[in-house]
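Shown next, in structure tokens, is the structure this report addresses.
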């Protein structure tokens, strides 16, 4: 079942003691207001709530007060050719941290960077417009010649 086979021990070789389960957990940004001690994950379909609790406790050393899991149906889409396409189902786990522990989703893209990016975009747009105006001035006396055919 697992694609991570533990290497066989051969005499003289050291025994490797690291084992990572064949599961994944994806942290989701909350879409609605949640308590600060509740975290939402997408987990492997094969994981139970005990697996989620042990995964967080043993690998990440995060203490867990309560875990609730449910299966979420994948989105269905109607194709233009008349058949229906359904995405895979996935399991959502809501993890409640113990009293006093909080989690805040990190702000990866602060507003300052977005403002800087928009100002840079505006500068490049102005430069492009300026170069286009110069091209039009050069070709003012040649109306029938295409723009790519310049000297």
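Read-outs throughout are calculated quantities, based only on the coordinates presented, and are distinct from any laboratory measurement. Bear in mind the structure is a predicted one, so any value in this text is a computation, not a measurement.
Data table
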quantity	calculated
Helical contribution to [θ] at 222 nm, DSSP H n ≥ 4, -39,500 (n - 2.57), averaged over the chain, rounded to 500	-9000 deg cm²/dmol
Nearest-ten-degree value, helix 111-138 long axis tilted from longest Cα axis of the chain	20
Cα shape, the range 67-151, gyration tensor, a/c 1.5 rule	oblate
Folded to 0 to 90 degrees: helix 49-60 orientation relative to the chain principal axis, Cα	70
Euclidean distance of C-alpha centroids, the range 110-132 and the range 18-87, integer Å	39
